[in-house]
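Here the structure comes first, spelled out in structure tokens, and everything after it is commentary.
The values are calculated or read from the model by the stated rules, or taken from the named source; none is laboratory data. Note that this is a predicted model, so its numbers are computed, not measured. Here the Cβ positions follow ideal geometry from the backbone for every residue, glycine too, while neighbour counts run over all protein chains shown.
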Amino acid sequence: MKRCNIILIIIMLLIAGGVFYQTQDMPDEVFGTLGAAYWPRFIAVVLLIFTVLLSIQTIFSKSDSPSPINFKSGGIKRVFALFGILIAFGIALPILGFLFSSFLFIIAVMLVMGEKKKSWIFWSSVGITAGIYVIFDYLLKLMLPRPFFM
């Protein structure tokens, strides 16, 4: 397990370093408000904090034997299904727009996670999508992706 953790630590450090490198030309502040570099760097700092915590845990852990991963377990299958749904959402977003894509995305995630109540799936998808739309489109005045035909 330590070898996997060390590989993950290196990957996380590379990602955080890449974020800082890519945002070096972005403004930190624009007219007294947060600039474009703020949130990516904030997320990179959080990633660095978790990397340090994983490093500490790896250094002080006693177990060196890797635990086998059962790729046939339900949890791993859900992870792969959710990853596929996330990729499909990323592809559908510029084509179908935010409203329809996020509505379908939330339904798919709830089904994969085992939710059975169809009315709960439908209404929570409508509510979450509407809530995000109102916050970003009306309150923050940010334009969400529209369908290609609009």
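Here residue 126 fulfils each of the conditions (1) in contact with a helix residue (DSSP H, G or I) (Cβ under 9 Å, 6 or more places away or on another chain); (2) free of Cβ contacts under 8 Å to residues at least 40 places away in the same chain; (3) surrounded by 11 or more Cβ atoms within 10 Å (Cβ to Cβ); (4) within 30 Å of residue 5 (Cβ to Cβ) apart from (4). Residue check: residue 24 meets all listed conditions (1) among the polar types (S, T, N, Q); (2) without any contact (Cβ under 8 Å) to a residue 24 or more places away in the chain; (3) outside any loop (DSSP other than H, G, I, E, B) but one, namely (3). Residues being over 24 Å from the mean Cα position of the chain (by Cα) and modelled with pLDDT of 70 or more: count how many of those fall in region 57-67. Qualifying residue count for the region: 5. The residues of region 34-92 that are part of a helix (DSSP H, G or I) and touching a residue at least 40 places away in the same chain (Cβ under 8 Å), listed by number, are 51, 54, 55, 57, 58. Only one of the numbered conditions (1) of a type in the set (Asp, Glu); (2) closer than 22 Å to residue 84 by Cβ; (3) in a helix (DSSP H, G or I) is not met by residue 115, and that is (3).
Criterion applied to 95, 121, 135 was being in contact with a Leu (Cβ under 8 Å, 6 or more places away or on another chain), part of a helix (DSSP H, G or I) and not assigned by TED's automatic domain parsing to the domain that holds residue 22, and the one residue passing it is 121. In this entry, residue 97 is excluded by the filter for residues that are at pLDDT below 95, loosely packed, with under 14 Cβ neighbours inside 10 Å and of a type in the set (Gly, Ala, Ser).
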